[in-house]
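A short worksheet on the structure shown next.
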Ligand code: AMP
C-alpha cells in the first residue's frame, strides 16, 4: 500500500502516519525526519538542508528526490509506505509520478488532512518531540501531555521543541505551505485516490481514513 499524506504543518500528518503504520505494517517515510537526522549527523545533505530548515523554507527538490529514491528502494518498503511531508511542491509530485511509473508502482491513497489555521498555530507552538532519533514520539502540552513533564512516555528521553517551531519560523512555514504545497490539492483533486478528511481528533481522523481505505 502506498499512501501520500497531505496537509499544512501541524495538520497531524506525523501522528496519523504512525497510527497507519501500526495498523497496516507499512513504513512511514517522513522527509522532515530524514533531513533532521542528516543535520544531526552532519552529512553533506544535512549541511545543505540545515539553513533552509531552520528558517522554515523548503529544501531544494533535487535533494528531496534523491532522498526519496534511495529510501523507497530499501527492503523495509516492500510491503508499502506512507509519505509524510512529501511531496511538498508540484515539481516533486511530477518527479514522484515519473519514479512510480519507472518502478511500476501505484499510489493507493492521497489523503488531505484538513484543519483550520488557528488550530494549526496552537498545535505547532504546543508540540514537543522526543529527542531520541529512534523514537521521535510527538506530544502536545495541552491535548496529549506526557505522563512526566518533559520526558517521553515511550523511551524516557527528553522532550524538545523543534528549532523550526519558533513563532517566526512557523509563520514562514505556513506561508511556504500556502504558496508551494497547497497547489498540490488542485494537482491531485481529480485523482481517484484523492480524498480529504477533517483532522481535529486523531482517533476520529484515523477511523475515517481506515473506513475509506476499505482494508
Ligand atoms: P516537516 O517535519 O515535514 O515539517 O519538515 C521540516 C522541514 O524540512 C521543512 O520545513 C522543510 O524545510 C524541510 N522539508 C521536509 N520535507 C520536505 C520536502 N518534501 N520538500 C522540501 N523541504 C522539505
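FRET efficiency for the pair residue 161 and residue 52, taken as 1/(1 + (r/R0)^6) with r the Cβ-Cβ distance and R0 = 25 Å, rounds to 0.85. Dividing the helix sum by the residues of the chain, where each DSSP H run of 4 or more adds -39500 (n - 2.57), gives a mean residue ellipticity at 222 nm of -13500 deg cm²/dmol.
Diffusion of the stretch 70-215 by Stokes-Einstein, at 20 °C in a medium of 1.002 mPa s and with Rh set to the Kirkwood radius over alpha-carbon pairs, works out to 122 µm²/s. With 10 Å bins beginning at zero, the pair-distance distribution over Cα atoms of the stretch 16-59 amounts to 28, 38, 26, 8 %. Answer rounded, prolate or oblate for the stretch 1-137, using the Cα gyration tensor with square roots of eigenvalues a ≥ b ≥ c: rounded when a/c is under 1.5, else prolate when a/b is larger than b/c, else oblate. Cα axes put the stretch 1-137 in the rounded bin.
Contact order, relative form, for the stretch 15-155: 20 percent (alpha carbon pairs under 8 Å, 6 or more residues apart, mean separation divided by residue count). Taken as Cα centroids, the stretch 127-203 and the stretch 1-56 sit 10 Å apart, rounded to the nearest whole angstrom.
Just so you know, all these numbers are worked out from the coordinates, no wet-lab data involved. These figures come from a predicted structure and were not determined experimentally. Positions of Cβ are generated from backbone atoms using ideal geometry, with glycine treated the same way; all protein chains shown enter the neighbour counts.
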